[in-house]
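The values are calculated or read from the model by the stated rules, or taken from the named source; none is laboratory data. These figures come from a predicted structure and were not determined experimentally. Quick reminder, even Gly has a Cβ in these numbers, built from the backbone with ideal geometry, and neighbours come from all protein chains shown.
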Amino acid sequence: DAKTTQPPSMDCAEGRAANLPCNHSTISGNEYVYWYRQIHSQGPQYIIHGLKNNETNEMASLIITEDRKSSTLILPHATLRDTAVYYCIVRYNDMRFGAGTRLTVKP
Amino acid sequence: GAVVSQHPSRVICKSGTSVKIECRSLDFQATTMFWYRQFPKQSLMLMATSNEGSKATYEQGVEKDKFLINHASLTLSTLTVTSAHPEDSSFYICSASSGGGNSNQPQHFGDGTRLSIL
């Protein structure tokens, strides 16, 4: 019963920006948006999270719309090692995963 | 910081065996830990929420007598798969955060345990 919708797959050219969208139209006022990624056969890796302001760290940027019903994760210069399944999660007190987006970075 | 260690990384055992998986937060105290299961080509499925010093809360459809969870300290939670059968073969993953279940602090995940029951 994940509360987010993501495209099942995306491709991106190496060195270009990867923009991964997520819809969370039923988000509540106290719920944060989290992004994780999972490389094959590993545990998920935390990327970034935010409430309503845009956020940036060394890995990525998170853009949240003003109505908070959607967000976009931006990997500014994708590399082959960024190939993974990316999960957008809306969370208050637990962490439930949807199907995520399988991002493939191509040479 | 925020490292979660999970052990063992891989287990292969016979049907009927009980298997214990450990999840440790190495550099922070975790009031709440989560246990997940992931089948091939599927997403992570939340199994239970483990709170230090109290009984775990299990998701619907997860047998609490089959999957025993103990969270005896702020840095260790264990999942025991009792009398494991081939259908229990899966990738088991734990997560923890320093802020507890209702915090906005991100969860950090272990590297998972691949359980194979023969």
Looking at the structure I just gave you, is B:Arg37 under 12 Å from B:Ser97 (Cα atoms) and assigned to a strand (DSSP E or B)?
no
If you take the residues in the range A:93-104 that are surrounded by fewer than 21 Cβ atoms within 10 Å (Cβ to Cβ) and touching a Pro at 6+ places or on another chain (Cβ under 8 Å), which one is nearest to B:Ser43 (Cα to Cα)?
A:Ala99
What single numbered condition from (1) closer than 18 Å to B:Thr17 by Cα; (2) in a strand (DSSP E or B) fails to hold for B:Met47?
(1)
Does the range B:1-11 contain at least one residue that is free of Cβ contacts under 8 Å to residues at least 60 places away in the same chain and either over 10 Å from the mean Cα position of the chain (by Cα) or surrounded by fewer than 16 Cβ atoms within 10 Å (Cβ to Cβ) (or both)?
yes
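Conditions tested, residue by residue: (1) within 13 Å of chain B (Cβ to nearest Cβ); (2) of a type in the set (A, V, I, L, M, F, W, C).
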| position | (1), (2) |
| --- | --- |
| A:Glu31 | yes, no |
| A:His40 | yes, no |
| A:Ile47 | yes, yes |
| A:Arg68 | no, no |
Can you tell me which residue in the range B:104-118 is nearest to B:Ser9 (Cα to Cα), limited to those that are modelled with pLDDT of 90 or more and not aliphatic (A, V, I, L, M)?
B:Thr113
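Residue by residue, here is whether (1) under 28 Å from B:Ser98 (Cα atoms); (2) modelled with pLDDT of 95 or more; (3) surrounded by 15 or more Cβ atoms within 10 Å (Cβ to Cβ); (4) more than 10 Å from chain B (Cβ to nearest Cβ) holds:
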{"site": "A:Tyr36", "(1), (2), (3), (4)": "yes, yes, yes, no"}
{"site": "A:Leu62", "(1), (2), (3), (4)": "yes, yes, yes, yes"}
{"site": "A:Leu73", "(1), (2), (3), (4)": "yes, yes, yes, yes"}
{"site": "A:Pro76", "(1), (2), (3), (4)": "no, yes, no, yes"}
{"site": "A:Asp82", "(1), (2), (3), (4)": "yes, yes, yes, yes"}
{"site": "A:Cys88", "(1), (2), (3), (4)": "yes, yes, yes, yes"}
{"site": "A:Arg91", "(1), (2), (3), (4)": "yes, no, yes, no"}
{"site": "A:Lys106", "(1), (2), (3), (4)": "no, yes, no, yes"}
Name the residue, out of A:Cys12, A:Cys22, that is farther than 18 Å from A:Arg81 by Cα, surrounded by 13 or more Cβ atoms within 10 Å (Cβ to Cβ) and in contact with a strand residue (DSSP E or B) (Cβ under 8 Å, 6 or more places away or on another chain).
A:Cys22
I need every pair where a residue in the range A:85-104 that is at positive phi has its Cβ under 8 Å from the Cβ of a residue that is surrounded by fewer than 23 Cβ atoms within 10 Å (Cβ to Cβ), sequence separation at least 6 or different chains.
A:Gly100/A:Gln6; A:Gly100/A:Gln38; A:Gly100/A:Val85; A:Gly100/B:Ser43
Can you find a residue that is of a type in the set (Gly, Ala, Ser), surrounded by fewer than 17 Cβ atoms within 10 Å (Cβ to Cβ), outside any strand (DSSP E or B) and in contact with a His (Cβ under 9 Å, 6 or more places away or on another chain) anywhere in the range B:20-34?
no
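Table: residues versus (1) loosely packed, with under 15 Cβ neighbours inside 10 Å; (2) modelled with pLDDT of 90 or more; (3) touching a Leu at 6+ places or on another chain (Cβ under 8 Å).
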{"position": "B:Gly16", "(1), (2), (3)": "yes, yes, no"}
{"position": "B:Lys55", "(1), (2), (3)": "yes, no, no"}
{"position": "B:Val62", "(1), (2), (3)": "no, yes, no"}
{"position": "B:Ser83", "(1), (2), (3)": "yes, yes, no"}
{"position": "B:Ser89", "(1), (2), (3)": "no, yes, yes"}
{"position": "B:Tyr92", "(1), (2), (3)": "no, yes, yes"}
{"position": "B:Asn102", "(1), (2), (3)": "yes, no, no"}
I'm trying to understand the selection: among the residues of the range A:22-66, which are without any contact (Cβ under 8 Å) to a residue 40 or more places away in the chain, under 14 Å from the mean Cα position of the chain (by Cα) and within 26 Å of B:Met45 (Cβ to Cβ)?
A:Gln45, A:Tyr46, A:Ile47, A:Ile48, A:His49, A:Gly50, A:Met59, A:Ala60, A:Leu62
